[in-house]
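Let me begin by presenting the structure, written as structure tokens, before commenting on it.
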Amino acid sequence: MPGFTHVQKAVAEEADPEKREGAGVRSRFARLTRLRTWRTRHPRAARALHLATTALAALVVLGALLLPNTLPALEPDSFARIPAEAVIGAVVVLALPPRPRLAAAVLYGLGLTALTTVNLLDMGFNEYLGRGFNAALDWDLLPDAQAYVGDTLGGGVATAAAVGAVVLVLLVAAAMVAATIRLADVLARHRVRATKGALIAGTVWVTCSALGLTLFGGPIASERGAGALRVHAQRTVESLRDEAAFVKQSKADIFGNTPPGELLPDLRGKDVIFTFIESYGRSAVEDPIMAPGVDRTLDTSTRALEKAGFAARSGWLTSATYGGSSWLGHSTTMSGLWIDNQRRYRTVSAGDHLTLTKAFQKTGAWDTVGVMPGVQKGWPEEKWYGLDKLYDSRDLGYRGPKFSWSTMPDQYALEAFQRQVHGKKRDKPLMSFVILTSSHQPWAPIPKMVGWDELGDGSVFDAIQKAGNKASDVITDTTKSRQEYGKSIQYSITSLTQWLERYGTDDTVLVFLGDHQPIARVSGTRASRDVPVSIVAKDPKVLDKVADWNWTEGLKPGRDAPVWKMSSFRDRFLKAYGSTPHPSNG
């Protein structure tokens, strides 16, 4: 049986390692033979294919070396340069024997992969956070980004995005290594002409660099790739040095040894509420697209509060963060330290540096609570903030739908705060730390105000959520994102000020502010980091204490109102309300 004989032969070869290896060699030889035969029969097609793949490899390498790190700079003009790294790479390859040349080509390809990866990360961070990627600090933010995508677009999309990112890096690595090996082989096979070409390219580069020649607004002689890696390396080193200095700084505190009786004496008996409105930035009240609606809301709310007996003063604070990482803005305001990265946040929140909220707790004259509908799991920082009790998304009794990332509408969160905390009788006044979330990106769908008596368990928002915009439709449209962002700020301000009208008393003091500006795509690539801050109270003595701050009357800060760093607020507030400094040195 001929068929059986072939089967026996195949089985025998599979069982015998030497025969198996021999079969593999024969198979590879056969493939090479077929390739050579095809080239012989089709010389023109073979040459065209050779030239095309070589040109593609050159474009891949040059593109990686000249790739900018911001989306606005991603223009054809950016690639009309002579990269020094390409000239140096060619010289090195030509000087090496075969095996070291192959190793150098592989390492060069992996270097291009790293360069392309950090440039793409820079693009994303610049687009959303208004700054470049920091390899020493920002890896911890990637899981948060995935969680945000999951809450916004669904877990499937988040998983697909994470897998897609890994696959993209692997594909980039494969393409870069293949391209550099291809070019190294071509240069070695045409050594004489390649050497002359490298010499000419090097001479042109040096000449253009020495004369400062430019093209399309940029230098012809480029060292963009090496410069980008150098910037990231320097950024990493500086971040590590900064961490060591910050540890010492966080241990020193001008109010670190202040006795409880000398903290906040001029606010005793007041219910004090610190409220952060997500992404409430200067752009909301000054940008021509967002400002008209937000300004009308601020003016209307100011008049309504005045009618209810409240007065307000407003100014500007420069946030430590931009576009995201809200907890950095919260902790900077409360600690009096400049906390602009995750490592600083972890350092300070693991220590005992006095926060403004903890100062109230330390006096023993207030009950202190946190209301954080955005927190969906354990939050150990409540101890550092000095909160006797924390009410997160699981404690507020909400049974309605999520609004994208936001677990519940601000109006509901404030009503639950009133019902479970603020409206209850107690032996001490209350200090509250409230974080509102309805103005969190992607600003779709956005809640709408309903009757306060109709809120119930939040089910009333089902129809509103279903009728709202889809997050995917808003994320991809810059103009729509800006419009919907403005509407979300209007909603949050209206919720908060109506709550104050409805439930505020003669002893209520409300301090509310933004945590940061919205993402750069909404606020603008050159937007400031300023956020509005307001103090609202019925008792005129409360605002008299800050009269020398020269803040604007009402809820809308004037363009010329004072601008302070967010980290200065804690000390100014403590001093304004009678606290006495007693420094500690750690």
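Here, each number is a calculation from the coordinates, and none is a lab measurement. Everything numeric here is computed off the predicted structure, so don't read it as measured data. Don't worry about glycine lacking a Cβ; one is built from the backbone with ideal geometry, like all the others, and counts go over all protein chains shown.
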Worksheet item: Any idea what angle helix 224-251 forms with the longest principal axis of the chain, computed on alpha-carbon atoms, 0 to 90 degrees, nearest 10?
Response: 30 degrees
Worksheet item: Going toward the positive end of the dipole of the chain, with +1 on Lys and Arg Cβ and -1 on Asp and Glu Cβ, which of ALA365, LEU49, ALA311 do you reach last?
Response: LEU49
Practice prompt. Would you work out if region 343-423 is rounded, prolate or oblate? Take a ≥ b ≥ c from the square roots of the eigenvalues of the alpha-carbon gyration tensor; rounded if a/c is under 1.5, else prolate when a/b is larger than b/c, oblate otherwise.
Written response: oblate
Item to complete: Take each of the peptides 125-135, 199-209, average the number of other beta-carbon atoms within 10 Å over its residues, and list them starting from the highest.
Response: 125-135, 199-209
Response to the item:
Ordering 524-531, 227-234, 352-359 by per-residue average of other C-beta atoms within 10 angstrom, highest first, gives 352-359, 524-531, 227-234
Worksheet item: Does anyone have the angle between helix 98-129 and the longest principal axis of the chain? Alpha-carbon axes, 0 to 90°, nearest 10?
Response: 20 degrees
Practice prompt. Calculate for the chain the 222 nm mean residue ellipticity that helices alone would give, adding -39,500 (n - 2.57) per DSSP H run of length 4 or more and normalising by residue count, nearest 500 deg cm²/dmol.
Written response: -17500 deg cm²/dmol
Worksheet item: Say each of LEU51 and ASP507 gets a label point 7 Å from the Cα, pointing the same way as Cα to Cβ; how far apart are those two points in nm?
Response: 8.8 nm
Discussion item. Rounded to the nearest 5, what % of DSSP beta bridges with both residues in the chain are antiparallel?
Written reply: 40 percent
Fill in: Ordering of 77-90, 241-254 by packing [mean C-beta count within 10 Å, highest first]
77-90, 241-254
Item to complete: Could you list, in their original order, any pairs among LYS470/LYS556; LYS402/LYS487; LYS270/LYS377 whose Cα atoms are separated by more than 20 Å?
Response: LYS470/LYS556; LYS270/LYS377
Worksheet, complete the sentence: TRP452 and ASN585 label points (each 7 Å along its Cα→Cβ direction) are spaced in nm at 5.2 nm
Item to complete: Have a look at ALA463, HIS516, GLN483 and report the one farthest towards the positive end of the charge dipole of region 439-526, computed about the Cα centre with Cβ charges (Lys/Arg +1, Asp/Glu -1).
Response: GLN483
Worksheet item: Helix 141-153 versus the longest principal axis of the chain: what angle, 0 to 90°, nearest 10, using Cα atoms?
Response: 80 degrees
Worksheet entry | Rounded if a/c under 1.5, otherwise prolate or oblate - the chain, Cα gyration tensor axes | prolate
Fill in: Estimated FRET transfer efficiency (LYS466, GLN376; beta-carbon r; R0 22 Å; 0.05)
0.50
